[in-house]
Amino acid sequence: MALKKTHDNLPWYCWEADIAGRQPQALKHYQKHLQDEIAFNKFLQFLFWQQWSELRGYAARRGVQIIGDIPFYVAHDSADVWAEPENFQLNPKTGELTFIAGAPPDFFSSTGQIWGNPLYNWNYLQSNNFRWWIQRFNNLLAYVDLIRIDHFRGFEAYWQVPQGETTAINGECIKAPGDSLFNILLKELGYLPVIAEDIGTTTSEVDQLRNKFNFPGLKVLQFAFDTNSDNVNLPFNYTQNCVVYTGNHDNDTIIGWFEKLCENQQKAVINYLGDFSSQGIHWDFNRMAMSSVANQAIIPVQDLFGLGSEARMNIPGQSSGNWVWRYELNALTDSLGDYLKALTQTYGRI
């Protein structure tokens with residue numbers, strides 16, 4: 001962070017070659033030259049750690065666990081890549097990407113998604129028994145109790161897009177050594193408190209990898225109503241070892257989603273529900289999630305409040321305007337808490 005500030009916030013691969021390449025003399029020079037700024041950043045990190053530890057302790061004393069997200073990829077302009085570029089597929093001279101990460105076309109996007117992250121050098125990572133991944137899991141478990149692995153399918157196979165492409169259509173699927181990685185992680189950590197984000201188009205190989213390590217997968221109620229009775233997101237098709245969401249961070253709110261459905265789709269939802277309750281369709285879906293056999297049910301706070309599309313968290317593939325919605329403290333009323341508690345008790349989730 002100190003180096004970025006002194007380089008006008010340019011990414012590390014645009015710095016002078018000696019410090020971009022972490023030459024020992026350059027590192028010593030900047031450590032001395034920027035010692036005050038380095039100390040300030042350490043202090044900020046200390047404050048965050050202190051405050052987070054207090055919050056986590058407060059939660060733990062009340063029997064509340066915290067789920068943390070571990071993105072499958074890291075950013076090109078990150079401490080991870082600058083510090084250990086050998087873990088990634090980069091041009092060794094310039095630090096530029098040779099291929100970029102993304103996702104194939106699916107129901108979120110007909111052209112797929114370009115994420116722009118560097119791909120892993122899995123051969124190198126495997127050669128040192130996935131040391132970097134072990135450190136990554138250990139570090140996150142110092143902050144949280146459970147880890148949700150975003151883009152879990154990437155551990156079985158990932159989408160590789162040539163640098164310079166503007167869509168992900170021309171990418172290709174490359175196998176990844178997820179089985180070997182999780183075996184070593186299990187041996188090192190002794191347990192794997194993992195939730196596998198496996199929504200979207202998956203393969204039998206992804207299912208086999210998830211099931212081998214008994215990771216719960218995700219179900220999303222908004223994906224359930226395509227009139228197909230074997231849809232894995234319909235509650236009567238669930239197994240217990242899963243986590244159900246009304247919608248996740250990539251979805252619209254329940255009210256916003258329902259209002260955008262065509263008439264036939266709305267009828268399919270109503271037929272499944274039987275009828276609307278007096279509390280509103282968002283509570284019908286909250287109840288549907290809570291009453292399922294899924295081990296965990298997660299309800300976005302927007303669906304507790306009954307908000308529309310104005311409260312949507314994120315639109316996949318849209319690079320700006322996301323993650324800006326906030327709620328005010330007075331929105332968390334006693335009556336809302338009482339009703340949520342009643343549902344939790346009714347469906348045996350206390």
Test result for GLU37, touching a residue at least 12 places away in the same chain (Cβ under 8 Å) and in the same structural domain as ARG136 (by TED's automatic domain parsing):
no
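Within the stretch 232-249, can one find any residue that is assigned to a helix (DSSP H, G or I), touching a residue at least 40 places away in the same chain (Cβ under 8 Å) and under 27 Å from LEU307 (Cα atoms)?
yes
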All but one of (1) closer than 29 Å to ASN314 by Cβ; (2) touching a helix residue (DSSP H, G or I) at 6+ places or on another chain (Cβ under 9 Å); (3) at pLDDT below 95 hold for TRP133, so report the exception by its number.
(3)
Right, ALA60: under 22 Å from the mean Cα position of the chain (by Cα) and of a type outside the set (Val, Ile, Thr) or not?
no
Taking the options LEU186, LEU181, LEU192, name whichever one is outside any strand (DSSP E or B), closer than 20 Å to ASN138 by Cβ and under 18 Å from the mean Cα position of the chain (by Cα).
LEU192
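Which members of the stretch 293-321 meet the condition of being in a loop (DSSP other than H, G, I, E, B) and either modelled with pLDDT of 95 or more or under 17 Å from ILE255 (Cα atoms) (or both)?
Answer for the stretch 293-321, where residues must be in a loop (DSSP other than H, G, I, E, B) and either modelled with pLDDT of 95 or more or under 17 Å from ILE255 (Cα atoms) (or both): VAL293, ALA294, ASN295, ILE299, PRO300, GLY306, LEU307, GLY308, ARG312, MET313, ASN314, ILE315.
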From the options ILE38, ILE67, residue that is more than 22 Å from PHE130 (Cα to Cα), surrounded by 14 or more Cβ atoms within 10 Å (Cβ to Cβ) and more than 26 Å from the chain's Cα centre (by Cα)
ILE38
Single condition THR239 does not satisfy, out of (1) exposed (fewer than 15 other Cβ atoms within 10 Å of the Cβ); (2) under 21 Å from the mean Cα position of the chain (by Cα); (3) closer than 26 Å to ARG210 by Cα:
(2)
Just for the stretch 203-231: of the residues that are β-branched (Val, Ile, Thr) and not in a helix (DSSP H, G or I), which one is nearest to LEU273 (Cα to Cα)?
THR227
Of the candidates ALA289, ALA331, ALA311, the one satisfying the condition of being surrounded by 11 or more Cβ atoms within 10 Å (Cβ to Cβ), of a type in the set (A, V, I, L, M, F, W, C) and under 22 Å from LEU218 (Cα atoms) is ALA289
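The values are calculated or read from the model by the stated rules, or taken from the named source; none is laboratory data. All figures in this text were calculated on a predicted structure; none of them were measured in a lab. We place every Cβ from the backbone using ideal geometry, glycine too, and count neighbours over all the protein chains shown.
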